[in-house]
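The values are calculated or read from the model by the stated rules, or taken from the named source; none is laboratory data. Nothing here was measured: the structure is a model prediction, and the numbers come from that model. FYI the Cβ positions are ideal-geometry reconstructions off the backbone, even for glycines, and counts take in every protein chain you see. Accessible surface areas use protein heavy atoms only, side chains included; no ligands, DNA or RNA. Shrake-Rupley method; radii C 1.70, N 1.55, O 1.52, S 1.80 Å.
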Amino acid sequence: MIKEQGTIIATDAVNQVAWVAVQKHTACGACKARAGCGHGKLADLLQTANSPQVSALNLPLNSNQYFTPGDTVEVAIPEQGLLLASVLGYLLPLLGLLSGLLMSAAFDATEPLIILSSFFGLFAGLLLARMISNRYMRRGTLAPQLSKSSSITNLS
């Protein structure tokens, strides 16, 4: 499980959801080349002491979970879910684009038709990825899990 600490902003008991504020972290904090890297400088500019980068997540609650605003919670995502989300978000659209390109090229299509079929394949891959991810979200495989935070020492 990949775990991150957050704070409950608000809850909705009727719809069984909670809004959680989670501090955004960049990989630049652990990088040895941070001083000379443009990404590190950009992260420093965007994240100042007065305005830390915070994301608000809308997370589902179980019927036996009760949280109040201000509670410190732990948001956990299964590693398999993260891997599956990466495959669905990147690999399927890319495979759709390439299959559209190869199918139209196999039929000796003109260049505008090859470009059009590539975009159609990309769109089909995105649509397929969305359908599959919705099915996994309904099952709860990709859904983050929310629990009361015990003293968290290592969040990485």
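Condition check: of a type outside the set (Val, Ile, Thr), touching a Gly at 6+ places or on another chain (Cβ under 9 Å) and not assigned by the TED database to the domain that holds MET1. Does ALA124 satisfy that? It is true that ALA124 is of a type outside the set (Val, Ile, Thr), touching a Gly at 6+ places or on another chain (Cβ under 9 Å) and not assigned by the TED database to the domain that holds MET1. The test for being open to solvent by less than 80 Å² (accessible area, probe 1.4 Å), at pLDDT below 80, assigned to a strand (DSSP E or B) and aliphatic (A, V, I, L, M) holds for ALA56. Within region 139-154, identify whether any single residue is at pLDDT 90 or above and either open to solvent by 40 Å² or more (accessible area, probe 1.4 Å) or among the hydroxyl-bearing types (Ser, Thr, Tyr) (or both), and answer yes or no. The answer is no; no qualifying residue exists.
Yes or no: ASP44 acidic (Asp, Glu), at pLDDT below 65, outside the structural domain of ARG130 (by the TED database) and loosely packed, with under 13 Cβ neighbours inside 10 Å? Don't jump to the end; show me each part of the working.
Values: acidic (Asp, Glu): yes; at pLDDT below 65: yes; outside the structural domain of ARG130 (by the TED database): yes; loosely packed, with under 13 Cβ neighbours inside 10 Å: yes.
For ASP44, the condition - acidic (Asp, Glu), at pLDDT below 65, outside the structural domain of ARG130 (by the TED database) and loosely packed, with under 13 Cβ neighbours inside 10 Å - is met.
For region 74-108, the tally of residues that are under 28 Å from ILE9 (Cβ atoms) and over 26 Å from the mean Cα position of the chain (by Cα) stands at 0.
Taking the conditions exactly as written (of a type outside the set (Ser, Thr, Tyr), surrounded by 13 or more Cβ atoms within 10 Å (Cβ to Cβ) and modelled with pLDDT of 85 or more), does ILE114 satisfy them or not? Yes; evaluated as a whole, the condition is true for this residue.
Would you mind listing the helices (runs of 4 or more DSSP H) fully within region 71-154 where at least 2 residues are farther than 30 Å from ALA21 by Cβ? Counting at least 2 such residues, we get 92-106, 111-139.
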